[in-house]
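Any read-out appearing in this document is the output of simple, stated calculations on the displayed coordinates, not a laboratory observation. A quick note: this is a predicted structure, and the numbers were derived from the prediction, not measured. Every residue, glycine among them, receives a Cβ derived from its backbone with ideal geometry; neighbour counts consider all protein chains shown.
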Amino acid sequence: MRKVTVDEILALGAYEQVRDRFRQRIISHKRNRRVFLGPEMSLVFEDHDTVLMQVQEMLRAERISAPKAVREEVDVYNDLVPDDGALLGTLMLEIEDAAVREQRRRDYLGLDASVRFEVGPHAVTATMDAAGLFEDRIAAVRYVTFVLPPDARALLLDLALPARIVVDHPRYQAAVTLTDAARRSLADDLDPENSDAAARARR
């Protein structure tokens, strides 16, 4: 998937003028890309646009405008844009009670091997960021990557075939079928025209 580039970033004043409309568009876009995995977890699939908003919001919050600092923020957040042929999501523990959330962080140790993306005949286990794993607990926010087979886009677009996200942990189970809108949105992520390789070739 194409990465965010520095020349896409709006200056602070220019961003302020379009911020409300831009945020509403991305919020609506993310609605189709959020999967509620039972009562305690959710997964939001990231893409170029969701990451672009995160960059712009961070620059706004921190009042960052120096070109070098802007480039550093872009480089950091581009880690959330999945590589071509993959999907990347932000997995969150959706637990308001802080004490319960801390207990679940310990209960769900081993979650790294317990989340998978099923589409058609394929079952792809997620790879999770190492920074979110500790010896005795997991982070409340994890970044998960699914490296999908070459035919995944076609399978997602074939709505007659099953597609779901599964959590199969000894202490937590969930299986959620993707909506048609989610499948189409994720298929766009895998479109070769939206790949980083295609974007670089056009520059």
Shape descriptor, the stretch 150-199: equivalent ellipsoid semi-axes (Cα gyration tensor, sqrt 5λ, whole Å, largest first) stand at 25, 14, 9
In whole angstrom, largest first, the equivalent ellipsoid semi-axes that the Cα gyration tensor gives for the stretch 95-189 are 28, 13, 12
The equivalent-ellipsoid semi-axes of the stretch 128-178, taken as the square roots of five times the Cα gyration tensor eigenvalues and listed largest first in whole Å, are 28, 15, 7
Taking the alpha-carbon centre of each part, the distance from the stretch 122-195 to the stretch 18-88 in Å is 17 Å
The chain: relative contact order from alpha carbon pairs under 8 Å, six or more residues apart, as a whole percent, is 24 percent
With label points set 7 Å from each Cα along the Cα-to-Cβ direction at residue 136 and residue 69, the distance between them in nm comes to 3.8 nm
Which residues qualify? For residue 37, with a placed amide H closer than 5 Å and at least 5 residues away or on another chain, they are 42, 43
One quarter of the C-alpha convex hull surface, i.e. the mean projected area of the chain in nm², amounts to 12.5 nm²
Percent relative contact order for the stretch 58-131, counting Cα pairs under 8 Å at least six residues apart, stands at 13 percent
Magnitude of the Cβ-charge dipole (Lys and Arg +1, Asp and Glu -1) of the chain about the Cα centre, nearest 20 debye, reported as 380 debye
Here, residue 8 and residue 166, labelled 7 Å along Cα→Cβ, have an inter-label distance in nm of 3.4 nm
Here FRET efficiency (C-beta to C-beta, residue 61 to residue 83, R₀ 25 Å, nearest 0.05) is 0.35
Long-range alpha-carbon pairs in the stretch 1-82, meaning those over 19 Å apart, account in percent for 41 percent
In deg cm²/dmol, rounded to the nearest 500, the helical mean residue ellipticity at 222 nm of the chain, built from -39500 (n - 2.57) for every DSSP H run of length 4 or more, is -12000 deg cm²/dmol
